[in-house]
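Only the coordinates and a few stated rules stand behind these numbers; no lab work does. Worth saying up front: this structure is predicted, and the values here are computed from it rather than measured. A quick note on method: Cβ atoms are made from the backbone with ideal geometry, for glycine too, and the neighbour counts reach across all protein chains shown.
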There are 2 protein chains.
Amino acid sequence: MTSERSITEKLRSKVRIPAGSALALGIGDDCAIYRPRGSADDLLLTTDLYVEGVHFRQDTHKPQDAGYKALARSLSDIAAMGGEPKLCLTALCAAPWTTDKWIDGFYKGLLELAEATGTLLAGGDLSRGSEFCCDVLVLGSVPRGTAMLRSTAKPGQDVYVSGSLGGSALGLETGKGKAWKKHIHPEPRLELARTLREKYRATAAMDLSDGLSLDLRRMALDSNLAVEISAPPQFPGATLAHALHGGEDYELLFTVRAGLKLPETLCGVRLTKIGRTVAGPAGLIQLEGEPLAPLGYDHFASRDAAK
Amino acid sequence: MTSERSITEKLRSKVRIPAGSALALGIGDDCAIYRPRGSADDLLLTTDLYVEGVHFRQDTHKPQDAGYKALARSLSDIAAMGGEPKLCLTALCAAPWTTDKWIDGFYKGLLELAEATGTLLAGGDLSRGSEFCCDVLVLGSVPRGTAMLRSTAKPGQDVYVSGSLGGSALGLETGKGKAWKKHIHPEPRLELARTLREKYRATAAMDLSDGLSLDLRRMALDSNLAVEISAPPQFPGATLAHALHGGEDYELLFTVRAGLKLPETLCGVRLTKIGRTVAGPAGLIQLEGEPLAPLGYDHFASRDAAK
């Protein structure tokens with residue numbers, strides 16, 4: 001079956017990174033890592049497409065909210081590695097319905113979040129087409145060699161999530177209340193992630209963009225281990241299914257050495273231990289002893305399912 | 001009137017780059033320039049959207065050709081600054097009609113050009129929507145402080161173009177022959193541009209993506225001067241209008257100090273002096289003594305015109 005992962009794996013197999021390349025990490029994690037000659041920092045690069053009808057709807061999303069979220073998604077990838085965002089580029093494709101006012105609003109929302117997070121809008125591209133989309137590239141920075149990866153968890157470590165899960169999926173269903181707010185205004189966990197990297201030496205990390213069941217499986221596959229979890233913390237009103245499989249929470253999923261004492265709340269965000277990594281079949285996730293299917297969101301799996 | 005430039009200018013006015021920022025150059029040139037802490041190099045960042053029905057058509061473009069050109073456009077921006085491409089990210093939005101085979105072909109074309117130019121595919125994003133688009137981000141590198149800009153021409157310098165112009169526009173009209181090949185397989189002038197930067201110290205440069213009349217006006221505006229030109233070299237079969245206003249030739253437009261001896265052909269590409277910069281109203285272009293209207297391609301101007 002085609003999936004995002006199968007496409008990504010195929011591409012990864014076709015790219016040979018030469019020994020000594022400045023590309024320290026290529027396809028497969030939240031960001032690529034580039035190590036400039038002589039620099040004290042590693043640079044993180046990530047890009048996320050924000051597409052009308054897929055990631056937002058014109059009739060339910062204000063332009064400011066759309067612009068906010070288009071950037072927030074990429075910032076969340078920078079957070080996943082414990083990075084500090086530096087600049088962004090936007091490639092915007094206007095639709096016939098997008099007025100100048102709508103585009104102004106889109107950039108207003110984007111620039112407010114950019115300013116709040118120290119991300120400078122540095123350029124981009126403009127085009128038009130039959131539907132609106134905007135690709136947002138963010139470049140971030142971490143001290144050389146310190147980026148948190150999803151592939152470096154070891155068996156016998158504790159698995160944590162930040163915040164509570166399922167709020168975005170619930171909000172998408174109901175279109176109201178705090179859950180809707182969580183859906184349209186997710187907060188990239190930049191400060192929290194930096195603290196986990198610097199102070200608590202998290203052993204692996206990624207952001208939850210496609211649902212815990214799928215994202216945790218990706219981490220387990222890339223770290224070559226299995227994971228045993230109990231039910232994750234649920235957003236008020238969200239079902240267990242929302243919390244396990246719902247996408248776009250943009251919380252952090254991370255591991256730390258066994259028994260490390262973490263505060264209940266860090267940088268204003270609740271931390272919950274949901275399980276532990278174990279030696280076992282790579283990618284196997286068990287919830288309360290039962291295998292958990294990766295039912296999170298996959299653009300390409302759902303495309304096939306729709307055929 | 002709304003134009004790409006008016007949107008860009010508005011955004012530029014809203015971004016304050018703090019003194020001492022690692023962002024050495026923001027919105028407005030072919031690439032943004034980022035200067036990593038302690039690095040011997042400046043990094044160039046550019047992103048270009050490649051949209052179905054705007055930049056290519058499913059019924060006329062093979063997937064390999066589409067993939068080639070999606071990357072070539074961004075590489076041309078790196079060439080414009082005299083840079084060396086290092087890596088690329090692709091954000092791909094699949095349409096209902098794009099089969100796995102088509103996507104394979106798209107990446108085949110893209111990866112062939114990537115390999116030929118030393119550009120490593122380092123990651124990206126996958127989505128789907130009602131039409132195909134792919135945004136390609138390229139990161140390139142130049143020795144610190146040496147990037148060629150479009151804003152640094154001075155009055156009294158010679159203005160050159162590489163190759164001949166109008167081929168891409170002619171090819172788009174006729175769909176055949178060498179002009180069609182020029183349209184679908186433009187060659188980013190990477191080696192030529194590096195040589196012009198290193199050996200001939202070009203005083204300003206940009207790539208010709210939207211047509212000479214519009215791009216030269218942009219260079220003249222940004223360098224705060226006027227330019228006098230004669231007819232540029234025409235691609236075989238192309239009209240003067242094709243050569244003046246046709247987009248997507250991806251040749252280099254550059255300036256050098258007055259009277260500098262340049263070879264007729266450099267790195268296998270013909271060089272032609274088309275005029276000179278003069279002190280005068282910023283952005284005024286005169287062709288054989290007559291003002292030349294900027295009739296090149298502007299996605300947003302044509303959007304308004306179509307209303």
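Scaled to the globular estimate 2.2 N^0.38 Å, the Cα spread of the protein assembly as shown, given as radius of gyration, is 0.98. The A:A258 and B:D104 beta-carbon pair, evaluated with R₀ = 56 Å, returns a calculated FRET efficiency of approximately 0.80. Need one number: % antiparallel among DSSP beta bridges in chain B, to the nearest 5. So the antiparallel bridges in chain B amount to around 80 percent.
Of the residues B:P36, B:P85, B:P232, the one that moves most in a GNM of chain B with alpha-carbon contacts below 10 Å is B:P36. Between the stretch B:269-289 and the stretch A:226-265, the alpha-carbon centres lie 62 Å apart.
Comparing A:G171, A:G83, A:G237 in a Gaussian network model of chain A (Cα springs below 10 Å), the most mobile by mean-square fluctuation is A:G237. Rg over Rh for chain B works out to 0.95, using Cα positions for both radii and the Kirkwood form for Rh. Its Cα gyration tensor gives the stretch A:4-143 an equivalent ellipsoid; the semi-axes, largest first and in whole Å, are 29, 18, 12. Put a plus charge on the Cβ of each Lys and Arg, a minus charge on the Cβ of each Asp and Glu, and nothing anywhere else: the dipole of the protein assembly as shown about its Cα centre is then about 1180 debye. Here, the stretch B:150-307 is characterised by an Rg to Rh ratio of 0.96, where Rg is the alpha-carbon radius of gyration and Rh the Kirkwood radius.
Between identical copies, the spacing of A:P281 label points, each set 7 Å from Cα toward the C-beta atom, reads 7.5 nm from nearest to farthest. From the alpha carbon centroid of the stretch B:119-144 to that of the stretch B:1-69 is 11 Å. Counting only other chain Cβ atoms within 10 Å of each residue's Cβ, the peptide B:34-42 averages 6.
Provide a whole-number value for the mean count of partner chain Cβ atoms within 10 Å of the Cβ atoms in peptide B:20-26.
Working: counts 0, 5, 6, 7, 1, 2, 5.
If you average over the peptide's residues, the count of other-chain Cβ atoms is 4.
Averaged over peptide B:88-99, the number of partner chain Cβ atoms lying within 10 Å of each residue's Cβ comes to 4. Calculated from DSSP H runs of 4 or more alone, at -39500 (n - 2.57) each and per residue, what is the 222 nm mean residue ellipticity of chain B, nearest 500? -9500 deg cm²/dmol, from helical runs alone.
Within the stretch B:55-178, what percent of beta bridges assigned by DSSP are antiparallel, to the nearest 5? Among the beta bridges of the stretch B:55-178, antiparallel pairing accounts for roughly 55 percent. Looking at the protein assembly as shown, the DSSP beta bridges with both ends there are about 80 percent antiparallel. For the options A:T60, A:T146, A:T195, a Gaussian network treatment of chain A with springs between C-alpha atoms closer than 10 Å singles out A:T60 as fluctuating the most.
Summary for A:E198: label point 7 Å along Cα→Cβ; distances to the equivalent points in the other copies, ascending, 4.0 nm. When A:R37 is represented by a point 7 angstrom out along its Cα-to-C-beta vector, the spacings to that point in the other copies are 2.1 nm, nearest first. Note on the stretch A:4-143: dipole from Cβ charges, positive end direction compared against A:L25, A:A95, A:S127; the farthest Cα belongs to A:L25.
When the GluC sites (Glu not before Pro) in the stretch B:200-307 are filtered for DSSP coil states and for at most 11 other beta-carbon atoms within 10 Å of their beta-carbon, the remaining sites are B:E264, B:E288.
Hydrodynamic analysis of the stretch A:204-275 uses the Kirkwood radius over alpha carbon pairs. Inserted into Stokes-Einstein at 20 °C and 1.002 mPa s, it gives a translational diffusion coefficient of 165 µm²/s. Note on B:W97 and B:R16: with the Förster distance fixed at 45 Å, the Cβ-Cβ geometry gives a FRET efficiency of about 0.55.
Could you sort A:91-104, A:8-21 so that the peptide with the highest average Cβ count within 10 Å comes first and the rest follow in order? Can you show the working numbers first?
Details: A:91-104: 18.1, A:8-21: 13.1.
By packing density, highest mean first, the sequence is A:91-104, A:8-21.
Modelled spin-label separation between A:L295 and A:K181, with each label point placed 7 Å from Cα along the Cα-to-Cβ direction: 2.9 nm.
To the nearest 20 debye, what charge dipole does the stretch A:4-143 have about its Cα centre, counting +1 at the Cβ of each Lys and Arg and -1 at the Cβ of each Asp and Glu? If you can, show how the numbers build up before the last one.
Details: 15 positive and 19 negative charges, 89 e Å.
Charge dipole of the stretch A:4-143: 420 debye, to the nearest 20.
For a label point 7 angstrom out from the Cα of A:A24 toward its Cβ, which stretches of the stretch A:125-144 have the backbone nitrogen within less than 13 Å? Correct set: A:140-144. The simple spin-label model puts a point 7 Å past each Cα toward its Cβ; for A:S130 and B:L240 those points are separated by 4.0 nm.
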